[in-house]
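Worksheet: one structure, shown below.
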Amino acid sequence: MVTPSSEELNAQRSDFGLRLSNSMAKYGPLCVGIDPHRKLLADWGYNVDAEGAELFSMRMLQAASGCAAAVKFQTPMFERYGSKGFEALERVLYAARQMGVITIVDCLHGGLPTTISAIADAYFKPNSPMLADAITLLPYYGARSLNGLISEALDNGRGVFVASLTSNPEGMSLQTAIRQSGDYQGHTVAYGIAATAQKHNVDIEGMGSVGLIIGATIGQWIQDSGVDPSQFTGPILSPGYGWQGAEAKDLKTVFKGTRGNVLVTVSRFIASHGPDISALKQATESIALDVRQALYEAMNEGENKEKDGMGTNTANENASANSETAAVDSANVAQGDKPKGRLVVLTGPAGVGKGTVENAMRKKHPGVWLSVSATTRKPRPGEVNGVNYWFLTDQEFSAKENKGEFLETALVHGLARYGTPLKPVQEHLAEGVPTLLEIDLQGARRIKERAAELGVDVVYVFIAPPSFDELVRRLKGRGTESEAEVNKRLETAKVELAAENEFDVTIVNDNVDRAADELWSVIAREYGL
Ligand SMILES: O=C(O)c1cc(=O)[nH]c(=O)n1[C@@H]1O[C@H](COP(=O)(O)O)[C@@H](O)[C@H]1O
């Protein structure tokens, strides 16, 4: 047998980090959590057994493939069905490997070094039926008790995520407790764990393979922990977004200054849109965009931050190196004084594909901030306050309206009220952040009436279909509507299309990618990017 050179060994030991950062660069910083909760299986119409868990997982995997950087399987939710559950997990892991999707097995193992070394055989050896790209670990036998297992992971080109600051509220007092002895005496438990994990990454160029778990729910508490995620150069797996209550602003707070190494894991928030595969994919894509944007802003916020805490110089250098392969497009980071552009209002006739064009553009340019509307309607399953909408009661809405806190408002179908919050738009514009608002034609007209008096400068972009004839052809070609219905729709379309002249720029949606590029050039021109 040929002994590998030290270069080969090093390459092997950085393999997981490299593969994951490539995947994040391609698909963005989202990991889809595949957690077959009993309730979800029942909601999806599956049996609550190993077979149901497998069917559920295969669907989630399909939704994640091509939309997310990785998937994470929650082991206990398979384990509860005994050997059949493990077989299901093996088959789903096999499918993920065949699809080229990066897998994280969330087994949260930990224990005496001698005992947990057996875990390497279960997950890291080439012939293992449960071969995974990475697993999660619990360090409460002492972070160094994991060293043997971590070495085995790295020698096999695999990675680990060590729980440091978990997303559940019960973890806080333990994890922020001050250590009484040892290398990190006087620091918090979480700090010691993070610093011990970082030691495995310091000599690695780019992102390391030894990661941390830091919950997005912890918010400002990150400061009390003494852990500075921007100094960590391995991947950071962050649960808690959506279902557990963390929002984009929490990601910005916790991961301020990080550069492309945060992987946000979301499970129920996505699964609640199932079982329809296209709905799952759509949810995955839109959450991926929101998460990406929040992390992009986190990176910008931390730009001038003073570095301190656990990082070494090497860690800093590595952190900058990471940005080259980062999921967030660092080429788009505006430096120094940013030119202040106008608010970009995107409008057009119903069904013209505004959302599709906007999504395609934001995928390429995560730094564009999209305004979140407020509404008095009830959240639908899976919708989260501050992400899909700001959900307000009638009284809250009225109070804000009376205080002039909306750029525009509307009553839809006489039932629910909708509005565009003014302050976030003004704040983003003031910071020079490209700011986009997608709204129907009536909404755009209301903004036209109010923007000048509120001191908001606007550029109006109208998305048009390729031609009226094309619209006629598409409508008639469908053959699903009666002639009277087609004529009615065409009359409406005629009126809506006539609105084109009211707006500053027209983009023809004949090809989504091209239209998205055109939208970006409008934004780039406005903001000097
Ligand atoms: O180890 C984990 O993955 C984990 C750590 C943690 O601190 N918090 C946390 O929620 N998780 C897991 O992350 C996933 C979050 O799922 P959702 O809350 O449904 O998005 C679940 O599988 C949790 O068990």
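The values are calculated or read from the model by the stated rules, or taken from the named source; none is laboratory data. Quantities reported herein were computed from a predicted structural model and do not represent experimental measurements. No Cβ is skipped: glycine too gets one built from the backbone with ideal geometry, and neighbour counts run over all protein chains shown.
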If you go through segment 360-375 one residue at a time, do you hit one that is at pLDDT below 90, in a strand (DSSP E or B) and out of contact with any Ser or Thr (no Cβ under 6 Å at 6 or more places or on another chain)? no
Have a look at GLY240, GLY219, GLY215, GLY226 and point out the one that is under 14 Å from the mean Cα position of the chain (by Cα), closer than 17 Å to GLY171 by Cα and modelled with pLDDT under 95. GLY240
Residues of segment 54-104 being within 19 Å of the chain's Cα centre (by Cα) and aliphatic (A, V, I, L, M), in sequence order, are MET60, LEU61, ALA63, ALA64, ALA68, ALA69, ALA70, VAL71, VAL101, ILE102, ILE104
Any chance VAL101 is within 16 Å of the ligand (Cβ to nearest atom) and of a type in the set (Val, Ile, Thr): no
Please go through segment 118-161 and give me each residue that is away from the ligand (no atom under 16 Å from the Cβ) and either at positive phi or charged (D, E, K, R) (or both), ordered by number. ASP121, LYS125, GLY142, ARG144, GLU152, ASP155, GLY157, ARG158
Which residues, counting only those in segment 60-71, are within 13 Å of the ligand (Cβ to nearest atom) and touching a Phe, Trp or Tyr at 6+ places or on another chain (Cβ under 7 Å)? ALA68
Counting only residues that are away from the ligand (no atom under 13 Å from the Cβ) and hydroxyl-bearing (Ser, Thr, Tyr), which one in segment 162-189 is surrounded by the fewest Cβ atoms within 10 Å (Cβ to Cβ)? SER181
Could you tell me which of the residues ALA25, ALA42 is of a type outside the set (Val, Ile, Thr), assigned to a helix (DSSP H, G or I) and at pLDDT 95 or above? ALA42
If we keep just the residues of segment 4-59 that are within 16 Å of the ligand (Cβ to nearest atom) and among the β-branched types (Val, Ile, Thr), which is surrounded by the fewest Cβ atoms within 10 Å (Cβ to Cβ)? VAL32
Return the pair list, or none, for Cβ contacts closer than 6 Å from residues in segment 211-239 that are in the same structural domain as GLY28 (by TED's automatic domain parsing) and closer than 20 Å to ASP133 by Cα to residues that are in a loop (DSSP other than H, G, I, E, B) and near the ligand (Cβ under 10 Å from one of its atoms), at least 6 apart or on different chains. PRO239/SER167; PRO239/GLY215
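Let's see how each residue does on (1) more than 23 Å from ILE236 (Cβ to Cβ); (2) of a type in the set (D, E, K, R); (3) touching a Gly at 6+ places or on another chain (Cβ under 6 Å):
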| site | (1), (2), (3) |
| --- | --- |
| LYS72 | no, yes, yes |
| PHE86 | yes, no, no |
| SER117 | yes, no, yes |
| LEU138 | no, no, yes |
Checking the conditions here, which among ARG417, ARG514 is basic (Lys, Arg) and without any contact (Cβ under 8 Å) to a residue 12 or more places away in the chain? ARG514
